[in-house]
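What follows is one structure encoded as structure tokens, with my remarks underneath.
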Amino acid sequence: MRICLAKKAGFCMGVKRAVDLVFKTARQRKNRPVFTLGPIIHNPQVLHLLEKQGVKIIEDPEQAPPGSIVVIRAHGVSLEIKNRLTQKKVVVIDATCPRVLKVQQLIKQYYQKGYQPIIVGEREHPEVKGLCSYAQNQAWSVGSEEEIKSLPQAQKVLVVAQTTQNERLFKKIAELIKKRYLEVKVFNTVCNSTHERQEEVRKMAKKVEALVVVGGKMSGNTRRLAQIGSEAGLKTYHIETEDE
Ligand code: SF4
């Protein structure tokens, strides 16, 4: 069997940076407990390695004892959670990806100028929840073309994407939003790593008979790659481990 390995296979810059930061923090902890706020990566194998280094996962700032170290993961958190961490008097290591930070600032800036932010993404995804907080939790999120019809009216709107969004879907939704509102500012904030991976899967789909996407089942990024493979008519397998 011939196997083609995608050139862009592997962790994206933001996740690699966050994982490296946790390992570095674990090495330099000086007996302080180290926690990540939620799993640092949707990859059970890496999480297992971190667990061996004594890094624990918490789901709420309340669970972190004062003086401990808490790492914020690559897709960032809401302003409310940041404030709660500050109140808990813990050491915060912010591993929010610089590309997510940019989208947060974009939303903040345009919301202050009176734009209604619309985020094309998964409403319940932590990145999207974090982004909403930069518009005082007043941003709208949409995940499909159908949802556009039920959006309320607004004078001027800002459209951005969850960084791991399906780029083609984002563009379709942005076009529909342009038809619905008078003043629309669109920023394609789909991350470059996401863009390159999705395009590579589309290109490879023309040359191969089957696609194996290796990555966490909870990862939006890998789930979307598998979805693109299936949509292209490929027999697609989304697996996490060698055994599968
Ligand atoms: S914004 Fe891009 S590089 Fe950053 S964590 Fe998300 S996918 Fe990775």
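The values are calculated or read from the model by the stated rules, or taken from the named source; none is laboratory data. If you're wondering where the values come from, they're calculated on a predicted model, not measured in any experiment. Heads up, the Cβs are rebuilt from the backbone with ideal geometry, glycines too, and the neighbour counts pull from every protein chain shown. What goes into the accessible areas is simple: the full protein's heavy atoms, side chains included, and nothing from ligands, DNA or RNA. Shrake-Rupley method; radii C 1.70, N 1.55, O 1.52, S 1.80 Å.
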Practice prompt. Please go through region 212-233 and pick out each residue that is under 22 Å from F170 (Cβ atoms) and not small (G, A, S).
Written response: V213, M218, N221, T222, R223, R224, L225, Q227, I228, E231
Practice prompt. Please verify whether region 225-234 includes one or more residues that are touching a residue at least 60 places away in the same chain (Cβ under 8 Å) and open to solvent by less than 40 Å² (accessible area, probe 1.4 Å).
Written response: yes
Worksheet entry | Conditions (1) surrounded by 19 or more Cβ atoms within 10 Å (Cβ to Cβ); (2) assigned to a strand (DSSP E or B); number of the one not met by A135 | (2)
Worksheet entry | Positions within region 48-64 being open to solvent by less than 40 Å² (accessible area, probe 1.4 Å) and assigned to a loop (DSSP other than H, G, I, E, B), in sequence order | G54, V55, A64
Discussion item. Condition first: over 21 Å from T222 (Cβ atoms) and surrounded by 15 or more Cβ atoms within 10 Å (Cβ to Cβ). Now tell me which residues in region 144-170 satisfy that.
Written reply: E147, I148, L151, A154, V157, L158, V159, V160
Worksheet, complete the sentence: The condition from (1) closer than 30 Å to E242 by Cα; (2) in a strand (DSSP E or B) that V92 misses is numbered (1)
Fill in: Qualifying positions in region 68-88 - in a loop (DSSP other than H, G, I, E, B) and open to solvent by less than 30 Å² (accessible area, probe 1.4 Å)
S68, A74, G76, V77, S78
Discussion item. All but one of (1) part of a helix (DSSP H, G or I); (2) under 19 Å from the mean Cα position of the chain (by Cα) hold for P117; state the number of the condition that does not hold.
Written reply: (1)
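A quick yes/no check of all residues on (1) away from the ligand (no atom under 16 Å from the Cβ); (2) part of a loop (DSSP other than H, G, I, E, B); (3) open to solvent by 30 Å² or more (accessible area, probe 1.4 Å); (4) at pLDDT 95 or above:
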residue: M1; (1), (2), (3), (4): yes, yes, yes, no
residue: K8; (1), (2), (3), (4): no, yes, yes, no
residue: V15; (1), (2), (3), (4): no, no, yes, no
residue: V22; (1), (2), (3), (4): no, no, no, yes
residue: N31; (1), (2), (3), (4): yes, yes, yes, no
residue: I40; (1), (2), (3), (4): no, yes, no, no
residue: V46; (1), (2), (3), (4): no, no, no, no
residue: P66; (1), (2), (3), (4): yes, yes, yes, no
Worksheet item: From V212, V184, V159, which residue is under 19 Å from the mean Cα position of the chain (by Cα) and without any contact (Cβ under 8 Å) to a residue 60 or more places away in the chain?
Response: V159
Practice prompt. Report, by residue number, each residue of region 97-130 that is free of Cβ contacts under 8 Å to residues at least 40 places away in the same chain and surrounded by 15 or more Cβ atoms within 10 Å (Cβ to Cβ).
Written response: Q104, K108, V128
Worksheet item: From Y111, Y134, which residue is in contact with a Phe, Trp or Tyr (Cβ under 9 Å, 6 or more places away or on another chain), modelled with pLDDT of 95 or more, within 16 Å of the ligand (Cβ to nearest atom) and among the aromatic types (F, W, Y)?
Response: Y134
Worksheet, complete the sentence: Going through region 32-51 in order, the residues found to be farther than 21 Å from E62 by Cβ and among the hydrophobic types (A, V, I, L, M, F, W, C) are I41, V46, L47, L49, L50
